[in-house]
Amino acid sequence: MNNTDSLLAILPVLVVMATGMLVLVCDACIPAWRRARVLTGTLSLFGIGIAVVFSVIEINTYHAQTSAFNGAVSVDHFSQACNLILLTTATIAVLLALTYLESRKLNLGEYYALVLFSTGGAMLMAAAQDLIVLFIALEILSVALYVLSGFARTEAKSEEAALKYFLLGAFAAGFLLYGIALIYGGSGTETTGGTTNLLALAALLKSIGHPTVMLMTGVALLLVGLGFKAALVPFHMWTPDVYEGAPTSVTAYMAAAAKIGAFAALLRVFNALTPVADYWLIAIQILAVLTMFGGNILAVTQDNVKRMLAYSSIAHAGYLLVAVSAMTSAEAHDQAFGAAIFQLLAYTLMTMGAFGVLIWLSRGGKDYQTLDDLKGLIKRDPPAAYLMLLFMLSLGGMPPTMGFIGKWYLFNAAIAAHQIWLALALAGASIISIAYYLKIVWTMCFQEPDRRVVADRPSMPAGVIVALLITVSVTLLCGVIPNLINPLMTAAHTVLRP
């Protein structure tokens, strides 16, 4: 591809980034625009819509994997599928923010710009075919999230969340960058230099059959860096504190966008490392088991719903690692990629829907976070209680919801890869998760409401209504008819096997 074709190939990313810049300029330079706060959110949604159109066009245009920018970026159905999930995430995040930020007096234009910039970074992560591009994309995603997590500048918890996230994120970025350097050095031979291109690295590993110690050390450090962003155990310690301290609309967005970007990168990177899977597969499987059980067991003890959902996010990262493990099998490769795409979309809708209910409840000024806040919700606000019930059942993997189908696909992928014990671990961890999801249901339905809770709240704003309609309808519809998103699930067919 020449430079023009390469730019056209990443047009969805460019549109999202350009919209973020335009939002910043309009908010800073036009006082009337700044006063009419709804314009910033509307422009953000318009830019996201254009990016969706270009992503759909590119799915129909590029029928096989195509490389842009001299092999640094991959343009294939997998990257476009991740783009569509990330753009859905950004859409819901903007809709929720229109409600939440206004009630908290935080409805500032830079919020929407930061959401768009981090979305663009995650989209670039999904397409990165070179480790240097991956690092740049990860930093674009991360820096925006650091600022967003401390967006409530007058609250100590929000500032603490931003500081913790920044310090630990910078530390993890060091691991990632050092790992890339070691991979570059370890992939060199007597006649050729090293490489950070994933396709070149895959071809090299296939030809030599066994990696050097330096290269595998680099892979281990790379896993640490990406494991932090995906919140894998034991790199998860920042997650509950940051999720609790950040504004709820930020937490909803962060829980989904960072996970999608991290796992898109993990799938693409370790797909390229499949020729030497014997050297790293056991580490992925151990991390999967630790993350599934660690996240679910720690969630059982929580009384804060945001912290509980943070540990739930950690557990779901463990479920997704099952797909990374299963894709090493030739029989299960495409099935594992499809299962990961489905689970990423399901997780996004379920988690953002649950946070959306908390934002629904918080529209009266009080920030609903704890189980005490949800006592007797079925009597005070039946629609909110029923919606939360649906999302909790879906997160727990109960039929007929999208969460059940996602875990079923992951389970089948592990079985197809002959990793029976990992499939059983997934099932066991899912059973444990039912305990704390039903704990929320019990609190809402069978405990008396706290008299201090104010029952009357203002009317429902349109933003949160639309966001919840999107999440609940897709969660139910794809739970009953999962084939609706088959075009996204078959995206793996264009990811080249080493």
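Look through the range 27-37, keep the residues that are within 26 Å of Gly121 (Cβ to Cβ) and at pLDDT 80 or above, and return whichever of them is surrounded by the fewest Cβ atoms within 10 Å (Cβ to Cβ).
Quick first cut of the range 27-37, residues within 26 Å of Gly121 (Cβ to Cβ) only: 27-29, 33-34, 37.
Within this subset, residues satisfying the condition of being at pLDDT 80 or above are 27-29.
Numbers: Asp27: 21, Ala28: 13, Cys29: 9.
Top of the filtered list is Cys29.
Conditions tested, residue by residue: (1) buried (at least 16 other Cβ atoms within 10 Å of the Cβ); (2) modelled with pLDDT under 85.
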site: Ser158; (1), (2): yes, yes
site: Ala161; (1), (2): yes, no
site: Ala172; (1), (2): yes, no
site: Ser187; (1), (2): yes, yes
site: Thr191; (1), (2): no, yes
site: Leu198; (1), (2): yes, no
site: Leu201; (1), (2): yes, no
site: His210; (1), (2): no, yes
site: Val213; (1), (2): no, no
When restricted to Leu98, Leu43, Leu24, Leu7, the only residue at pLDDT 80 or above, among the aliphatic types (A, V, I, L, M) and crowded, with 24+ Cβ neighbours inside 10 Å is Leu98
From the option list Leu290, Leu309, single residue qualifying as within 20 Å of Leu345 (Cβ to Cβ) and not β-branched (Val, Ile, Thr) is Leu309
_So, Val233, is that one under 25 Å from His316 (Cα atoms), of a type in the set (A, V, I, L, M, F, W, C), touching a residue at least 12 places away in the same chain (Cβ under 8 Å) and assigned to a helix (DSSP H, G or I) or not?_
no
All conditions in (1) buried (at least 24 other Cβ atoms within 10 Å of the Cβ); (2) modelled with pLDDT under 90 are true of Thr301 except (1)
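Given the condition touching a His at 6+ places or on another chain (Cβ under 7 Å) and more than 20 Å from Leu114 (Cβ to Cβ), answer yes or no: does some residue in the range 82-97 qualify? Don't jump to the end; show me each part of the working.
Residues of the range 82-97 touching a His at 6+ places or on another chain (Cβ under 7 Å): none.
No, there is no match, as no residue in the range 82-97 is touching a His at 6+ places or on another chain (Cβ under 7 Å) and more than 20 Å from Leu114 (Cβ to Cβ).
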Phe69 vs. criteria touching a strand residue (DSSP E or B) at 6+ places or on another chain (Cβ under 9 Å), more than 27 Å from Ala339 (Cα to Cα) and in contact (Cβ under 8 Å) with a residue 60 or more places away in the chain: yes
When every residue in the range 280-325 that is touching a His at 6+ places or on another chain (Cβ under 8 Å) and not aliphatic (A, V, I, L, M) is compared, the one farthest from Tyr368 (Cα to Cα) is Thr291
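For every residue, the table says whether it meets (1) within 21 Å of Arg104 (Cβ to Cβ); (2) modelled with pLDDT under 90; (3) surrounded by 22 or more Cβ atoms within 10 Å (Cβ to Cβ).
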residue	(1), (2), (3)
Leu358	yes, yes, yes
Lys366	yes, yes, no
Gln369	yes, yes, no
Gly376	no, yes, no
Pro383	no, yes, no
Restricting attention to the range 107-136, the residues that are touching a residue at least 60 places away in the same chain (Cβ under 8 Å), more than 24 Å from Asp27 (Cβ to Cβ) and either β-branched (Val, Ile, Thr) or surrounded by fewer than 24 Cβ atoms within 10 Å (Cβ to Cβ) (or both) number exactly 3
query = Is the range 188-207 home to any residue that is farther than 30 Å from Asp367 by Cβ, of a type in the set (Asp, Glu) and either touching a residue at least 24 places away in the same chain (Cβ under 8 Å) or not in a helix (DSSP H, G or I) (or both)?
reply = yes
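The values are calculated or read from the model by the stated rules, or taken from the named source; none is laboratory data. Please read these numbers as outputs of a predicted model, since none were measured by experiment. As a convention, Cβ positions derive from the backbone with ideal geometry for all residues, glycine included, and neighbour counts pool all protein chains shown.
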